[in-house]
Amino acid sequence: MLKNSPENIKKAAAILRTGGLVGIPTETVYGLAANALDRNAVKKIFAAKGRPADNPLIVHIADFDDIIRYNLVKEIPKSAKKLAEKFWPGPLTMIMKKSDAIPNEVSAGLDTVAIRFPSHKTAQQIIRTADIPLAAPSANLSGSPSPTSAQHVMNDMDGRIDAVFDGGMCDVGLESTVITLVTEIPRVLRPGGVTLEQLKAVLGEIEVDHAVLHKLGDDAKAASPGMKYKHYAPKANVILLKCSDEEYIDYVNKNYKYGVAALCCDEDIPYLKAKTFSLGKRNDYAAQAQRLFDELRKIDENSDVLTVYSRLPSVDGVGMAVYNRLIRAAGFEVIDLEKI
Ligand code: TXA
Ligand code: MG
């Protein structure tokens, strides 16, 4: 594990320049980085994660003009400039038509490329020092929750990659918002730290891909290939309850037995009989986003937890991102108490 120091920034950059893999901190989640312009380096990412080859990677840059400098896209849409002015650097990934400089391994054979300029200072320093764009998916093993600390990356990736750079806990805690700008109307493929409301304020009309809030049919084609895979699933069975706060406490207590736990809010803790994993204050969606993956990993460390009850989150603001991740962790299993 590399601690934060100027020498270690140089070390990480040198590994990346020579085709190696480094776990790097970003403000969203830790990324598993490699030189985006080197197809052999990029192939190592897929091997280390056990990631299906048809799931494309995000290219990370440290300046808007890097898009031009590295010749990453065919053309930059006006909407990309507007969004970048407002949300870059930050947790927003934009999909544009790719240039020939992007290896097919990065785009997984699509004719588009996803680009993000992260706000995390260490990520920026590593990208600038390496002087290359970095392809980086989340630095977890495929199928487990995204890592929000260097230790999470070590737990999943130790022995599979060349180094992990410790940049502390991630601020946002969930992966970036992914928006495609190649459709007639810009479309959110994955909700994240930049909210739908914020995007609409800049671009006006925006669509939300069906797969963001709903289960894809078995033969449906995913606009964002990552959305079709079972994601973020802890070993315990997560069940979401659609209900009021009182009904939630009541239901979890009535169903309490060995193996039952609650993924809840601070305010619920005194009333619940089950073991609790709290996401923070009830109305603090940002805190819930930041803690979700950490709590899911903690649940995994408790082998006596078999069933976890949580509430179906609101889809307002960052809540939509929490909803999107939790409903996948639950394998889309929701009990609607209002209908029982
Ligand atoms: O916050 C983040 O975005 C983190 C940090 C490390 O930057 N990265 C991340 O990467 O979450 P990953 O690979 O775990 O998720 C990328 C998502 C996947 O669902 C993938 O299918 C989608 O973005 N994606 C990437 N390129 C795409 C493209 N050209 N078209 C459609 N979807 C794309
Ligand atoms: Mg991921």
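I'd like the carbon and sulfur percentage of the solvent accessible area for the range 6-212, probe radius 1.4 Å, heavy atoms only, ligands and nucleic acids excluded. Before the final figure, lay out the partial values.
On the way: 3840 of 7940 Å².
In the range 6-212, the share of accessible area belonging to carbon and sulfur is 48 percent.
What's the Kirkwood radius of the chain in Å, using all Cα pairs?
On the way: mean 1/r = 0.0490 Å⁻¹.
Evaluated over the chain, this radius sits at 20.4 Å.
Can you return the aspartates and glutamates within cross-link range of Lys215? Criterion is Cα-Cα under 20 Å, with same-chain partners fewer than 8 residues away left out.
By straight Cα distance, Lys215 reaches Asp54, Glu175, Glu207, Asp316, Glu333, Asp336.
Return one number: the angle in degrees, 0 to 90 and rounded to the nearest 10, between the long axis of the Cα atoms of helix 245-254 and the longest principal axis of the Cα atoms of the chain.
70 degrees
Measure nothing but the geometry: give the 0 to 90° angle between the long axis through the Cα atoms of 285-301 and the longest principal axis through the Cα atoms of the chain, rounded to 10°.
80 degrees
Looking at the range 237-339, what % of its DSSP beta bridges pair antiparallel, to the nearest 5? Provide the component values of the computation, followed by the final result.
Details: 0 of 16 bridges.
The antiparallel fraction comes to roughly 0 percent.
Using the charge dipole of the chain (Lys, Arg: +1 at Cβ; Asp, Glu: -1 at Cβ; taken about the Cα centre), state which of Leu189, Ile299, Leu57 has its Cα farthest towards the positive end.
Toward the positive end, the furthest listed residue is Leu57.
Can you give me the accessible area per residue for the chain, using a 1.4 Å probe, in Å²? If you can, show how the numbers build up before the last one.
On the way: 14620 Å² over 340 residues.
Roughly 43 Å² per residue, with all protein chains present.
For the ranges 121-129, 154-162, 328-336, what's the packing order if you count other beta-carbon atoms within 10 Å of each residue, average per peptide, and put the highest first?
On the way: 121-129: 20.7, 154-162: 17.0, 328-336: 15.4.
In descending order of packing, they fall as 121-129, 154-162, 328-336.
Would you mind calculating the relative contact order of the range 237-339 from Cα pairs under 8 angstrom and at least 6 residues apart, reporting the percent as a whole number? Write down the numbers at each step before the final one.
Details: 164 pairs, mean separation 41.4, N = 103.
Answer for the range 237-339 is 40 percent.
Would you mind checking the tilt of helix 319-329 against the longest principal axis of the Cα atoms of the chain, expressed as 0 to 90 degrees and rounded to 10?
Rounded to the nearest ten degrees, it is 80.
Cβ neighbours within 10 Å, averaged per peptide: list 88-99, 246-257, 270-281 in order, most packed at the top.
Details: 88-99: 22.2, 246-257: 15.3, 270-281: 17.0.
Per-residue Cβ counts within 10 Å, averaged per peptide and sorted highest first, yield 88-99, 270-281, 246-257.
Counting Lys and Arg as +1 and Asp and Glu as -1, what is the net charge of the other residues whose Cβ lies under 15 Å from the Cβ of Ala163? Spell out each step's value before the answer.
Working: positive: Lys3, Lys10, Lys11, Arg17, Lys44, Arg160; negative: Glu7, Asp156, Asp158, Asp162, Asp166.
Local net charge: +1.
Apply the a/c threshold of 1.5 to the C-alpha gyration tensor of the range 237-339 and tell me whether it is rounded, prolate or oblate. Walk me through the intermediate numbers first.
Numbers: a/c = 1.35, a/b = 1.17, b/c = 1.16.
It comes out rounded by the Cα gyration axes.
If you count the DSSP beta bridges with both ends in the chain, what percent of them are antiparallel, to the nearest 5?
Working: 17 of 45 bridges.
Roughly 40 percent of the DSSP beta bridges within the chain come out antiparallel.
The values are calculated or read from the model by the stated rules, or taken from the named source; none is laboratory data. Computed from a predicted model, the values in this text were never measured in an experiment. Because the Cβ atoms are built from the backbone with ideal geometry, glycine has one as well, and the counts that use them run over all protein chains shown. Side chains included, ligands, DNA and RNA excluded: accessible areas come from the protein's heavy atoms. Shrake-Rupley method; radii C 1.70, N 1.55, O 1.52, S 1.80 Å.
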